[in-house]
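Step one of this worksheet: look at the structure below.
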Amino acid sequence: SSPDSDGGTPELEKAGLLNKTKIAEGGRKLRKNWSPSWVVLVGNSLVFFKDPKSQTPSSWKPGNSRPESSVDLRGAKLNWANELSSKKNVFKLRTITGNEFLLQSDTDSLIREWYNTIKNVIDRLDRE
Ligand code: I3P
């Protein structure tokens, strides 16, 4: 079994660089502001970090650096959303509290991996 399967520190599932913009806060529409974000999927949360240069998957540890923001995936909705952007490979994540994010990568395989991984977490939480 893995070191953190005892309910202690949540396990890191995935980390990487994506383009991100928040498009709604509590259901209220926001102006788009795309920027690169270091995205970490850990436990039931998607955590966003500002400075991608200082982050690598192997160096990331909980508490190592201050997240910019964090999203609870419980009850969240995930959908491909290429109609919401002129960019390719865009999906939308909507939290239960009505915060909406677009995430994007030019690399098809990378964005598909992120979509599937986040979807699996949401589906697992839905079954709990
Ligand atoms: C927005 C900016 C975004 C673009 C958005 C523009 O302009 O160019 O990159 O979104 O398009 O409004 P501004 O910087 O003046 O706010 P995409 O790159 O996702 O297309 P939109 O208004 O059609 O969403």
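The values are calculated or read from the model by the stated rules, or taken from the named source; none is laboratory data. On a predicted model such as this, the values are computed, not experimentally measured, just so you know. A quick note on method: Cβ atoms are made from the backbone with ideal geometry, for glycine too, and the neighbour counts reach across all protein chains shown.
For segment 86-96, what are the residues that are within 11 Å of the ligand (Cβ to nearest atom), without any contact (Cβ under 8 Å) to a residue 40 or more places away in the chain and touching a strand residue (DSSP E or B) at 6+ places or on another chain (Cβ under 7 Å)?
If the condition is that a residue be within 11 Å of the ligand (Cβ to nearest atom), without any contact (Cβ under 8 Å) to a residue 40 or more places away in the chain and touching a strand residue (DSSP E or B) at 6+ places or on another chain (Cβ under 7 Å), then VAL90 is the only one that fits.
Residue by residue through segment 67-123, note down the ones that are small (Gly, Ala, Ser) and more than 14 Å from LEU18 (Cβ to Cβ).
The answer is SER70, GLY75, ALA76, SER86, GLY98.
Give segment 1-39 a look and list any residue that's at pLDDT 70 or above, closer than 21 Å to VAL121 by Cα and more than 16 Å from the ligand (Cβ to nearest atom), or say none.
GLU11, LEU12, GLU13, LYS14, ALA15, GLY16, LEU17, TRP38, VAL39
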